[in-house]
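One structure is given below, encoded as structure tokens.
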Amino acid sequence: MIGLRKIIFFLNDTLCLTFALLGATWLRFEQLEPRHIQLFFQMLPASIPTALCIFYFMGLYNRSLRFTSIPDMVAIFTAVTCVSMTKVGFMYFNQEIPFSRSILILDWILSLFLIGASRLTPRLLLIVADKEPFRTYVYGKSKNRAKRVLIFGAGRAGESVAREIRRNEHLPYEIVGYIDDSPSKFWQMIHGVRVLGNRNAINRIVKEHDVDEIIVAIPSSSGDTIREIVRLFRDSKVRFLTLPGMQDLLEGKLLSQQLREISVEDLLRRSPAEINLSEIAAYITDKIVLITGAGGSIGSEICRQVLPFQPKALLLLGQGENSIYGVHQDLQEHPKLGGTRLVPIIGDIKDEGKIEAIFTEYKPQIVFHAAAHKHVPLMETNPEEAVKNNIRGTFNLVKISHECGIERFVMISTDKAVNPTSVMGATKRVAEMVLKAYAKKSATRFCAVRFGNVLGSRGSVIPLFKKQIERGGPITVTHPNMIRYFMTIPEASRLVIQAGAFGKGGEVFLLDMGDPVKIADLASDLIRLAGLEEGKDIKIEFSGVRSGEKLFEELLTAEEGVTATRNKKIFIAKPEEIDEEKLVVNIVALLNAAQSGQKGQIIEGLKTIVPSFAPDRDHIYNETKFKNNPRLELKKAKGHLKVV
């Protein structure tokens with residue numbers, strides 16, 4: 001049904017086309033004699049009805065006058081050109097009508113002008129009629145004071161931000177200008193707003209224009225760039241917003257659903273982990289997959305990352321009923337669940353009988369072992385629990401996996417297993433050794449993946465810092481030189497799954513953790529992101545290195561070297577020779593000490609198995625020693641990897 005709005009469009013375009021043809025005839029002959037009027041009426045039937053039909057089917061009558069823009073002008077250009085081509089055809093096949101090319105050209109030009117003007121005029125009148133200033137109308141439609149925002153980035157994303165703010169009445173923003181580092185863009189106008197300078201001028205611009213918020217509209221920007229932007233405002237309480245990434249722009253999500261405050265993940269933004277989908281699908285699709293610690297941060301994310309590859313069943317094993325219930329509910333609503341069967345299982349990996357029953361009943365083919373006690377200070381005071389869970393639990397899983405002949409077994413390890421100073425790190429190193437020992441004699445492809453801290457995990461320092469900021473401080477940092485590697489949970493999980501495809505048996509894979517981050521700098525950044533000033537609003541206090549902690553973590557032992565894999569973010573440590581018979585004897589003694597709660601014997605047992613375990617190591621290095629950075633790192637030089 002044709003509504004009133006389309007009827008008005010029809011009448012408007014009829015008048016525009018009529019005057020365009022009449023004007024073209026007059027301009028051609030510079031007068032309107034009877035023969036000219038006759039020519040006008042002869043061409044009119046080919047002009048009006050045909051043109052209206054073309055305009056209708058090309059969608060010109062489904063467009064909003066309020067938001068007429070360049071795409072609308074392009075559509076008008078295309079439609080009017082089609083009409084003119086139709087007229088050329090009409091004149092060519094109707095030889096009785098005198099043919100005039102100049103009239104057709106003039107008619108095309110006038111039609112474009114009149115119809116284009118008829119679309120733009122209502123929008124201009126709406127703007128002029130508004131009582132607020134032009135820029136406020138366009139960029140801040142709220143009746144309250146619009147927030148004055150500065151857009152960092154005058155590229156495509158920045159233009160998209162401005163365009164969405166202009167169109168969306170629920171975004172009460174007034175854009176005061178753009179910031180861009182490209183000299184060629186200085187003083188350019190984008191949607192009526194000028195590029196005011198580069199990042200070095202940000203502080204001046206913020207003060208001069210009374211900026212409330214800065215929108216970082218560079219989806220491809222690195223963590224270093226975002227950290228630099230944030231740190232330029234040490235003395236300012238300006239609020240930061242950002243876009244999550246280019247993928248969301250490509251998916252066409254609304255800006256109002258994308259804009260969010262800058263997070264720690266943005267400060268540490270890393271290039272996306274590339275994985276080989278076909279390699280992963282080859283070993284997961286249509287298989288029964290068991291994930292231990294499925295309710296934890298890493299375990300639950302591995303579940304989410306595995307699900308799109310459509311395993312036959314996903315066995316969710318964990319001790320905590322609430323966490324397993326939560327991840328089970330979450331996965332049931334996952335858009336890529338497909339035909340995968342979800343099986344929540346409450347059980348303890350230390351219970352050998354329970355593990356045997358699970359393997360007998362469900363017959364898993366792939367195991368991702370993420371269950372572990374990981375909290376360093378807690379395990380220092382409860383070493384027997386670390387031994388029972390991290391060593392005995394892993395031993396049970398590895399032994400039963402070998403006996404049942406499962407295909408692959410991937411264990412989550414930690415960088416704290418290298419030259420360990422903590423009970424937790426030492427027990428994870430022993431778990432790696434158990435896995436390597438079985439790999440030598442088993443058809444099962446056992447492997448471990450070693451990496452550092454992950455953002456957002458339950459034991460992460462980030463949630464603690466945020467709680468301390470909410471309480472008004474202070475933020476407690478153990479040492480001014482404490483540094484750690486960080487990566488996001490999804491990235492770590494994807495790389496763990498990819499490493500599983502590379503495993504042949506007995507490998508310890510290392511993940512490229514990027515550059516280490518000073519914990520004190522991270523605390524300072526969090527204070528600024530909260531719109532507060534370090535030292536004035538929130539103080540940072542140093543509490544001292546806790547038992548079992550190191551100032552910096554290591555990825556390799558001195559004996560280990562690395563080789564590259566097909567994935568540039570995954571490396572393989574040099575194989576370690578394991579005396580299985582001796583290892584088993586020492587582990588039995590260690591487990592007996594843990595069972596009887598003899599903490600002294602536990603420490604001595606760990607030292608026996610892991611000679612590099614140094615629980616009494618002096619953790620506070622002097623400044624000279626720290627600057628020399630004695631840790632082992634992966635360095636890329638001329639395309640090769642070496643340890644320095």
Between Arg194 and residues 5 or more places away or on another chain, which pairs have amide H atoms under 5 Å apart, with H built 1.01 Å from N, and which residues are they?
Tyr178
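Order by neighbour count: Thr381, Thr421, fewest other Cβ atoms within 10 Å first, most last. Write down the numbers at each step before the final one.
Values: Thr381 11, Thr421 23.
If I rank by nearby Cβ atoms, fewest first, I get Thr381, Thr421.
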Under Karplus coefficients 6.51, -1.76 and 1.60, residue-wise ³J(HN,Hα) of the stretch 184-190 in Hz, glycine/proline x:
5, 9, 4, 6, 5, 10, 10
Among the listed pairs Lys504/Lys582; Lys374/Lys574; Lys354/Lys399; Lys287/Lys363, which have their C-alpha atoms separated by more than 18 angstrom in this model?
Lys504/Lys582; Lys374/Lys574
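If each residue's Cβ is checked for other Cβ atoms within 10 Å, how do Trp26, Trp108, Trp187 rank with the fewest at the top? If you can, show how the numbers build up before the last one.
On the way: Trp26 15, Trp108 20, Trp187 8.
Listed from fewest to most nearby Cβ atoms, that is Trp187, Trp26, Trp108.
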Estimated inter-spin distance, Leu277 and Lys354, nm [label 7 Å along Cα→Cβ]:
3.8 nm
Proxy exposure order for Arg239, Arg101, Arg445 (fewest C-beta within 10 Å first) is Arg101, Arg239, Arg445
Report, by chain and number, residues whose modeled amide H sits under 5 Å from the one on Ile288, excluding near sequence neighbours (fewer than 5 apart, same chain).
Lys312, Ala313, Gln365, Ile366
Output ³J(HN,Hα) for the stretch 347-363: one whole-Hz value per residue in order, computed from phi by the Karplus curve 6.51 cos²θ - 1.76 cosθ + 1.60 with θ = phi - 60°, and x for Gly and Pro.
x, 10, 5, 6, 8, 4, x, 5, 5, 4, 5, 5, 5, 5, 6, 9, 6
Check which residues have an amide H placed less than 5 Å from Gly506's amide H, if you skip close sequence neighbours.
Phe446, Cys447
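No lab work stands behind these numbers, since they all come straight from the coordinates. This one's a predicted model, so the numbers in the text were calculated from it and none came from an experiment. Please note: Cβ atoms are built from the backbone with ideal geometry, for glycine as well, and neighbour counts cover all protein chains shown.
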